[in-house]
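Notes for the one structure printed next.
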Amino acid sequence: LKEVIAVGNKRRVVILAGVVLAGCFSAAATTTRAPALKTQKLMGRDYVSAADVATAYGLGGDQHRADTVALYRAPGRQLQIEADRRDATINGVRHWLAVPVMSARGGLWMGAVDVEKSLEPVFRPDRLRGSVKIRTIILDPGHGGADRGARGPSGQSEKWFTLDLAKRVQRELDGSGAQVMLTRSSDVTMSLAERVEFCRRNRGDLFVSLHFNSGGTASGIETFCLPAAGTSPTASAAVRPTDQQRQPGNQFDAHNVLLAHYVQEALVKATGGPDRGVRRARFYLLRHISCPAILVEAGFLSNPSEEKKIQTPSHRDRLAKSIAEGILRYKRSVE
Ligand SMILES: [Zn+2]
(Lines give C-alpha, C1' and ligand atoms only; values in the text may rest on other atoms or scores of the structure.)
Protein backbone atom coordinates (compact mmCIF):
# COMPACT_ATOMS: atom_id res chain seq x y z
CA LEU A 1 0.00 0.00 0.00
CA LYS A 2 1.64 3.18 -1.19
CA GLU A 3 0.01 6.51 -0.65
CA VAL A 4 1.27 9.82 -1.91
CA ILE A 5 0.11 12.63 0.27
CA ALA A 6 0.23 16.30 -0.45
CA VAL A 7 -1.10 19.26 1.44
CA GLY A 8 -0.49 22.63 -0.10
CA ASN A 9 3.01 22.51 -1.50
CA LYS A 10 4.25 19.94 0.97
CA ARG A 11 4.53 16.56 -0.65
CA ARG A 12 5.80 13.37 0.75
CA VAL A 13 5.52 9.69 0.17
CA VAL A 14 4.49 7.32 2.89
CA ILE A 15 4.93 3.63 2.40
CA LEU A 16 2.82 1.44 4.60
CA ALA A 17 3.01 -2.27 4.85
CA GLY A 18 -0.43 -3.72 5.37
CA VAL A 19 -1.56 -1.17 7.91
CA VAL A 20 -3.38 2.11 7.76
CA LEU A 21 -2.03 4.78 10.01
CA ALA A 22 -5.23 6.66 10.49
CA GLY A 23 -3.46 9.87 11.31
CA CYS A 24 -0.62 10.30 8.89
CA PHE A 25 -2.51 11.44 5.85
CA SER A 26 -3.18 15.03 6.81
CA ALA A 27 -0.94 18.06 7.01
CA ALA A 28 2.78 17.37 7.03
CA ALA A 29 3.30 19.29 10.26
CA THR A 30 1.28 16.88 12.36
CA THR A 31 1.80 15.86 15.94
CA THR A 32 1.40 12.31 17.18
CA ARG A 33 0.08 9.60 14.93
CA ALA A 34 -3.11 7.66 15.51
CA PRO A 35 -2.74 4.04 16.53
CA ALA A 36 -2.19 1.78 13.55
CA LEU A 37 -5.31 0.03 12.31
CA LYS A 38 -5.04 -3.45 10.89
CA THR A 39 -6.67 -3.86 7.51
CA GLN A 40 -8.47 -6.98 6.30
CA LYS A 41 -9.33 -7.82 2.73
CA LEU A 42 -13.09 -8.38 2.49
CA MET A 43 -14.69 -8.75 -0.93
CA GLY A 44 -11.45 -7.51 -2.46
CA ARG A 45 -11.35 -4.26 -0.51
CA ASP A 46 -9.37 -3.06 2.49
CA TYR A 47 -11.56 -2.88 5.59
CA VAL A 48 -10.85 -2.02 9.21
CA SER A 49 -12.90 -3.26 12.13
CA ALA A 50 -15.29 -0.65 13.57
CA ALA A 51 -14.32 -1.74 17.08
CA ASP A 52 -10.66 -0.96 16.26
CA VAL A 53 -11.70 2.41 14.81
CA ALA A 54 -13.60 3.22 18.02
CA THR A 55 -10.58 2.29 20.14
CA ALA A 56 -8.23 4.32 17.95
CA TYR A 57 -10.36 7.45 18.33
CA GLY A 58 -11.17 6.93 22.00
CA LEU A 59 -14.87 6.34 21.37
CA GLY A 60 -17.07 4.51 23.84
CA GLY A 61 -19.00 1.65 22.33
CA ASP A 62 -22.72 2.08 22.65
CA GLN A 63 -23.40 -0.79 20.30
CA HIS A 64 -26.96 -1.89 19.74
CA ARG A 65 -26.22 -5.13 17.96
CA ALA A 66 -22.53 -5.22 17.24
CA ASP A 67 -22.95 -6.81 13.83
CA THR A 68 -25.73 -4.61 12.42
CA VAL A 69 -25.85 -1.14 14.02
CA ALA A 70 -23.28 0.68 16.12
CA LEU A 71 -23.19 4.07 17.74
CA TYR A 72 -19.84 5.16 19.14
CA ARG A 73 -19.40 8.29 21.21
CA ALA A 74 -16.87 10.46 22.97
CA PRO A 75 -17.03 14.15 23.88
CA GLY A 76 -17.01 16.02 20.56
CA ARG A 77 -17.03 12.84 18.48
CA GLN A 78 -19.80 10.56 17.35
CA LEU A 79 -19.98 7.82 14.74
CA GLN A 80 -23.08 5.89 13.71
CA ILE A 81 -22.83 3.08 11.18
CA GLU A 82 -25.09 0.35 9.94
CA ALA A 83 -24.38 -2.85 8.03
CA ASP A 84 -24.77 -2.70 4.23
CA ARG A 85 -25.17 1.06 4.22
CA ARG A 86 -23.00 3.37 2.22
CA ASP A 87 -23.58 6.34 4.48
CA ALA A 88 -22.55 7.03 8.05
CA THR A 89 -23.32 9.76 10.54
CA ILE A 90 -20.10 11.46 11.58
CA ASN A 91 -20.47 14.11 14.30
CA GLY A 92 -24.14 14.46 13.45
CA VAL A 93 -23.63 14.92 9.70
CA ARG A 94 -24.42 12.34 7.06
CA HIS A 95 -21.39 11.34 4.97
CA TRP A 96 -21.50 9.14 1.89
CA LEU A 97 -18.75 6.54 2.04
CA ALA A 98 -16.61 5.04 -0.70
CA VAL A 99 -17.57 1.49 0.28
CA PRO A 100 -20.57 0.08 2.17
CA VAL A 101 -20.20 -0.80 5.84
CA MET A 102 -19.94 -4.57 6.14
CA SER A 103 -21.03 -7.07 8.73
CA ALA A 104 -18.51 -9.90 9.12
CA ARG A 105 -16.99 -12.05 11.84
CA GLY A 106 -19.52 -10.84 14.41
CA GLY A 107 -18.78 -7.14 13.96
CA LEU A 108 -19.00 -4.18 11.63
CA TRP A 109 -16.24 -3.16 9.22
CA MET A 110 -15.57 0.16 7.51
CA GLY A 111 -13.57 0.78 4.36
CA ALA A 112 -10.00 1.77 5.28
CA VAL A 113 -10.24 4.57 2.74
CA ASP A 114 -13.35 5.96 4.49
CA VAL A 115 -11.60 6.05 7.85
CA GLU A 116 -8.68 7.85 6.29
CA LYS A 117 -10.58 10.22 3.99
CA SER A 118 -13.85 10.97 5.82
CA LEU A 119 -13.50 10.12 9.50
CA GLU A 120 -9.98 11.35 10.17
CA PRO A 121 -10.38 14.98 8.94
CA VAL A 122 -13.66 15.44 10.84
CA PHE A 123 -12.55 13.73 14.05
CA ARG A 124 -9.20 15.45 14.18
CA PRO A 125 -9.40 18.83 12.48
CA ASP A 126 -6.59 19.96 14.79
CA ARG A 127 -4.21 18.07 12.51
CA LEU A 128 -4.88 20.65 9.81
CA ARG A 129 -4.28 23.59 12.13
CA GLY A 130 -1.64 25.95 10.77
CA SER A 131 -1.66 24.30 7.34
CA VAL A 132 -3.01 27.28 5.38
CA LYS A 133 -3.84 30.97 5.70
CA ILE A 134 -7.21 31.94 4.20
CA ARG A 135 -6.57 35.30 2.58
CA THR A 136 -8.95 35.00 -0.36
CA ILE A 137 -12.33 33.25 -0.43
CA ILE A 138 -13.88 32.65 -3.85
CA LEU A 139 -17.66 32.29 -4.08
CA ASP A 140 -18.96 30.89 -7.33
CA PRO A 141 -22.61 31.56 -8.22
CA GLY A 142 -23.51 28.60 -10.45
CA HIS A 143 -24.61 29.11 -14.05
CA GLY A 144 -25.34 32.59 -15.47
CA GLY A 145 -26.14 34.28 -18.78
CA ALA A 146 -27.19 31.75 -21.43
CA ASP A 147 -26.87 28.95 -18.87
CA ARG A 148 -29.97 29.34 -16.71
CA GLY A 149 -29.44 26.24 -14.58
CA ALA A 150 -32.40 24.49 -13.02
CA ARG A 151 -35.86 26.01 -13.26
CA GLY A 152 -38.54 25.84 -10.58
CA PRO A 153 -42.24 25.16 -11.19
CA SER A 154 -42.90 28.90 -11.17
CA GLY A 155 -40.31 29.40 -13.92
CA GLN A 156 -37.58 31.27 -12.05
CA SER A 157 -34.04 30.20 -12.92
CA GLU A 158 -31.33 28.87 -10.64
CA LYS A 159 -28.81 31.41 -12.00
CA TRP A 160 -30.63 34.30 -10.26
CA PHE A 161 -30.83 32.57 -6.91
CA THR A 162 -27.18 31.49 -6.91
CA LEU A 163 -26.05 35.05 -7.64
CA ASP A 164 -28.28 36.49 -4.93
CA LEU A 165 -27.07 33.88 -2.45
CA ALA A 166 -23.40 34.52 -3.27
CA LYS A 167 -23.86 38.25 -2.63
CA ARG A 168 -25.49 37.50 0.71
CA VAL A 169 -22.68 35.14 1.73
CA GLN A 170 -20.17 37.81 0.72
CA ARG A 171 -21.90 40.31 3.03
CA GLU A 172 -21.92 37.78 5.86
CA LEU A 173 -18.17 37.28 5.47
CA ASP A 174 -17.52 41.00 5.69
CA GLY A 175 -15.07 41.59 8.50
CA SER A 176 -13.74 38.02 8.45
CA GLY A 177 -10.29 39.32 7.57
CA ALA A 178 -10.34 37.54 4.22
CA GLN A 179 -10.97 39.09 0.84
CA VAL A 180 -14.17 37.63 -0.64
CA MET A 181 -14.51 37.52 -4.42
CA LEU A 182 -17.32 36.35 -6.71
CA THR A 183 -16.53 34.56 -9.99
CA ARG A 184 -19.42 36.54 -11.47
CA SER A 185 -21.32 39.47 -9.98
CA SER A 186 -23.82 39.90 -12.81
CA ASP A 187 -25.82 37.74 -15.21
CA VAL A 188 -23.01 36.66 -17.52
CA THR A 189 -22.20 33.35 -19.17
CA MET A 190 -19.07 31.83 -17.69
CA SER A 191 -17.48 28.49 -18.53
CA LEU A 192 -16.22 26.12 -15.86
CA ALA A 193 -12.65 26.59 -17.17
CA GLU A 194 -13.04 30.36 -16.72
CA ARG A 195 -14.13 29.82 -13.11
CA VAL A 196 -11.08 27.66 -12.45
CA GLU A 197 -8.86 30.30 -14.06
CA PHE A 198 -10.51 33.05 -11.98
CA CYS A 199 -9.64 31.18 -8.80
CA ARG A 200 -6.06 30.55 -9.90
CA ARG A 201 -5.46 34.15 -11.05
CA ASN A 202 -6.82 35.57 -7.81
CA ARG A 203 -4.98 33.06 -5.63
CA GLY A 204 -8.09 31.69 -3.98
CA ASP A 205 -7.51 29.85 -0.70
CA LEU A 206 -10.94 28.27 -0.66
CA PHE A 207 -13.67 27.92 -3.25
CA VAL A 208 -17.39 27.43 -2.73
CA SER A 209 -19.64 26.86 -5.74
CA LEU A 210 -23.31 27.66 -5.02
CA HIS A 211 -26.21 25.83 -6.64
CA PHE A 212 -29.85 24.87 -6.22
CA ASN A 213 -30.89 21.35 -7.01
CA SER A 214 -33.26 19.75 -9.45
CA GLY A 215 -34.86 16.34 -8.91
CA GLY A 216 -38.63 16.35 -8.74
CA THR A 217 -40.07 16.51 -5.25
CA ALA A 218 -36.85 15.57 -3.47
CA SER A 219 -35.85 18.08 -0.80
CA GLY A 220 -32.91 18.95 1.37
CA ILE A 221 -29.27 19.93 1.39
CA GLU A 222 -26.26 18.30 -0.33
CA THR A 223 -22.62 19.33 -0.26
CA PHE A 224 -20.20 17.79 -2.73
CA CYS A 225 -16.47 17.31 -2.56
CA LEU A 226 -14.00 15.34 -4.66
CA PRO A 227 -13.80 11.57 -4.15
CA ALA A 228 -10.43 10.20 -3.09
CA ALA A 229 -8.40 8.72 -5.94
CA GLY A 230 -9.36 5.10 -6.57
CA THR A 231 -12.88 5.43 -5.14
CA SER A 232 -16.23 5.68 -6.88
CA PRO A 233 -18.40 8.79 -6.71
CA THR A 234 -21.55 8.65 -4.55
CA ALA A 235 -23.75 8.23 -7.63
CA SER A 236 -21.96 5.05 -8.72
CA ALA A 237 -21.37 1.70 -7.07
CA ALA A 238 -18.40 0.46 -9.07
CA VAL A 239 -14.92 1.96 -9.37
CA ARG A 240 -14.32 2.78 -13.03
CA PRO A 241 -10.86 3.07 -14.61
CA THR A 242 -11.10 6.90 -14.68
CA ASP A 243 -11.79 6.89 -10.94
CA GLN A 244 -8.26 5.61 -10.39
CA GLN A 245 -6.70 8.80 -11.66
CA ARG A 246 -5.48 11.23 -9.08
CA GLN A 247 -6.94 14.68 -9.78
CA PRO A 248 -5.30 18.01 -8.95
CA GLY A 249 -7.98 18.60 -6.29
CA ASN A 250 -7.00 15.39 -4.47
CA GLN A 251 -4.06 17.15 -2.87
CA PHE A 252 -6.65 18.85 -0.64
CA ASP A 253 -8.64 15.72 0.30
CA ALA A 254 -8.66 16.36 4.06
CA HIS A 255 -9.39 20.08 3.68
CA ASN A 256 -12.19 19.44 1.15
CA VAL A 257 -14.00 17.09 3.53
CA LEU A 258 -13.65 19.33 6.56
CA LEU A 259 -14.98 22.34 4.62
CA ALA A 260 -17.87 20.28 3.25
CA HIS A 261 -18.67 18.90 6.71
CA TYR A 262 -18.87 22.30 8.41
CA VAL A 263 -20.96 23.89 5.65
CA GLN A 264 -23.33 20.90 5.43
CA GLU A 265 -23.75 20.85 9.21
CA ALA A 266 -24.57 24.56 9.40
CA LEU A 267 -27.01 24.42 6.47
CA VAL A 268 -28.89 21.41 7.80
CA LYS A 269 -29.15 22.98 11.27
CA ALA A 270 -30.47 26.26 9.86
CA THR A 271 -32.99 24.75 7.44
CA GLY A 272 -33.99 21.63 9.32
CA GLY A 273 -32.74 19.47 6.44
CA PRO A 274 -33.29 16.87 5.19
CA ASP A 275 -29.58 16.07 5.44
CA ARG A 276 -28.78 14.47 2.07
CA GLY A 277 -25.18 14.32 3.09
CA VAL A 278 -21.62 15.18 2.19
CA ARG A 279 -21.39 13.55 -1.24
CA ARG A 280 -18.57 12.81 -3.61
CA ALA A 281 -18.46 13.69 -7.30
CA ARG A 282 -15.71 14.34 -9.82
CA PHE A 283 -17.25 17.58 -11.06
CA TYR A 284 -14.93 19.55 -13.33
CA LEU A 285 -14.67 22.38 -10.79
CA LEU A 286 -13.83 20.08 -7.89
CA ARG A 287 -11.18 18.30 -9.95
CA HIS A 288 -9.40 21.40 -11.19
CA ILE A 289 -9.73 24.19 -8.62
CA SER A 290 -6.31 25.07 -7.20
CA CYS A 291 -7.42 25.14 -3.54
CA PRO A 292 -9.84 23.30 -1.22
CA ALA A 293 -13.24 23.34 -2.91
CA ILE A 294 -16.85 22.28 -2.39
CA LEU A 295 -20.11 22.55 -4.32
CA VAL A 296 -23.26 23.29 -2.32
CA GLU A 297 -26.79 22.36 -3.43
CA ALA A 298 -28.77 24.56 -1.06
CA GLY A 299 -32.22 23.12 -1.72
CA PHE A 300 -34.41 21.73 -4.52
CA LEU A 301 -35.76 24.36 -6.86
CA SER A 302 -37.79 21.61 -8.56
CA ASN A 303 -39.79 20.95 -5.37
CA PRO A 304 -42.74 23.40 -5.22
CA SER A 305 -42.64 23.95 -1.44
CA GLU A 306 -38.86 24.22 -1.36
CA GLU A 307 -38.97 26.63 -4.32
CA LYS A 308 -41.30 28.87 -2.30
CA LYS A 309 -38.76 28.98 0.50
CA ILE A 310 -35.88 29.69 -1.89
CA GLN A 311 -37.91 32.58 -3.32
CA THR A 312 -38.09 34.14 0.16
CA PRO A 313 -35.26 36.63 0.89
CA SER A 314 -35.24 35.78 4.61
CA HIS A 315 -34.70 32.10 3.76
CA ARG A 316 -31.81 32.98 1.44
CA ASP A 317 -30.39 35.08 4.28
CA ARG A 318 -30.58 32.05 6.55
CA LEU A 319 -28.79 29.95 3.91
CA ALA A 320 -26.12 32.63 3.49
CA LYS A 321 -25.54 32.94 7.23
CA SER A 322 -25.02 29.20 7.61
CA ILE A 323 -22.72 28.89 4.59
CA ALA A 324 -20.64 31.76 6.01
CA GLU A 325 -20.68 30.11 9.43
CA GLY A 326 -19.37 26.85 7.93
CA ILE A 327 -16.65 28.68 6.00
CA LEU A 328 -15.54 30.59 9.11
CA ARG A 329 -15.46 27.46 11.23
CA TYR A 330 -13.23 25.83 8.61
CA LYS A 331 -11.05 28.95 8.49
CA ARG A 332 -10.56 28.89 12.25
CA SER A 333 -9.74 25.18 12.15
CA VAL A 334 -7.03 25.28 9.51
CA GLU A 335 -5.31 28.61 10.20
ZN1 LIG B 1 -26.61 24.25 -10.65
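The values are calculated or read from the model by the stated rules, or taken from the named source; none is laboratory data. Remember, it's a predicted structure, so these values are computed and weren't measured experimentally. Cβ: placed from backbone, ideal geometry, glycine included. Neighbour counts: every protein chain shown.
Of note:
- Any hit, the stretch 132-155, residues being modelled with pLDDT under 95 and within 21 Å of the chain's Cα centre (by Cα): yes
- Residue match in the stretch 301-321 (condition: among the basic types (Lys, Arg) and touching a Phe, Trp or Tyr at 6+ places or on another chain (Cβ under 6 Å)): no
- Matching residues in the stretch 157-195 - criterion: being more than 16 Å from the ligand (Cβ to nearest atom) and basic (Lys, Arg): Lys167, Arg168, Arg171
- Subset tally (residues that are hydrophobic (A, V, I, L, M, F, W, C), within 13 Å of the ligand (Cβ to nearest atom) and part of a loop (DSSP other than H, G, I, E, B)) for the stretch 282-310: 2
- Test: residue in the stretch 156-173 that is assigned to a strand (DSSP E or B), in contact with a Ser or Thr (Cβ under 9 Å, 6 or more places away or on another chain) and modelled with pLDDT of 95 or more: no
- Test: residue in the stretch 70-93 that is part of a helix (DSSP H, G or I), at pLDDT 95 or above and touching a Pro at 6+ places or on another chain (Cβ under 7 Å): no
- Put simply, of Asp187, Asp205 the only residue that is touching a Ser or Thr at 6+ places or on another chain (Cβ under 6 Å) and either touching a residue at least 40 places away in the same chain (Cβ under 8 Å) or aliphatic (A, V, I, L, M) (or both) is Asp205.
- Filtering the stretch 135-150 to residues that are at negative phi and either away from the ligand (no atom under 13 Å from the Cβ) or in contact with a Leu (Cβ under 7 Å, 6 or more places away or on another chain) (or both) leaves Arg135, Thr136, Ile137, Ile138, Leu139, Asp140, Pro141, Gly142, Ala146, Ala150.
- Conditions (1) more than 16 Å from the ligand (Cβ to nearest atom); (2) over 20 Å from Asp164 (Cα atoms); (3) crowded, with 24+ Cβ neighbours inside 10 Å: number failed by Asn202: (3)
- Residue tally, condition in a loop (DSSP other than H, G, I, E, B) and either closer than 18 Å to Phe207 by Cα or of a type outside the set (Val, Ile, Thr) (or both), over the stretch 174-194: 12
- Any hit, the stretch 242-252, residues being over 25 Å from Leu182 (Cα atoms), surrounded by fewer than 24 Cβ atoms within 10 Å (Cβ to Cβ) and within 16 Å of the ligand (Cβ to nearest atom): no
- Yes/no for Gly149 being farther than 22 Å from His255 by Cα, part of a loop (DSSP other than H, G, I, E, B), of a type outside the set (Lys, Arg) and in contact (Cβ under 8 Å) with a residue 60 or more places away in the chain: yes
- Residue check for Lys117: part of a loop (DSSP other than H, G, I, E, B) and out of contact with any His (no Cβ under 6 Å at 6 or more places or on another chain): no
- Criterion: in contact with a Lys or Arg (Cβ under 8 Å, 6 or more places away or on another chain), modelled with pLDDT of 65 or more and not in a strand (DSSP E or B) - qualifying residue of Val53, Val48, Val99: Val99
- Checked against the criterion of being away from the ligand (no atom under 16 Å from the Cβ) and polar (S, T, N, Q), the stretch 89-97 contains one or more residues that satisfy it.
- Just one of the listed residues (Arg171, Arg195) is in contact (Cβ under 8 Å) with a residue 24 or more places away in the chain, crowded, with 21+ Cβ neighbours inside 10 Å, closer than 29 Å to Thr312 by Cα and basic (Lys, Arg), namely Arg195.
- Number of positions in the stretch 220-232 that are of a type outside the set (S, T, N, Q) and more than 26 Å from Glu306 (Cα to Cα): 5
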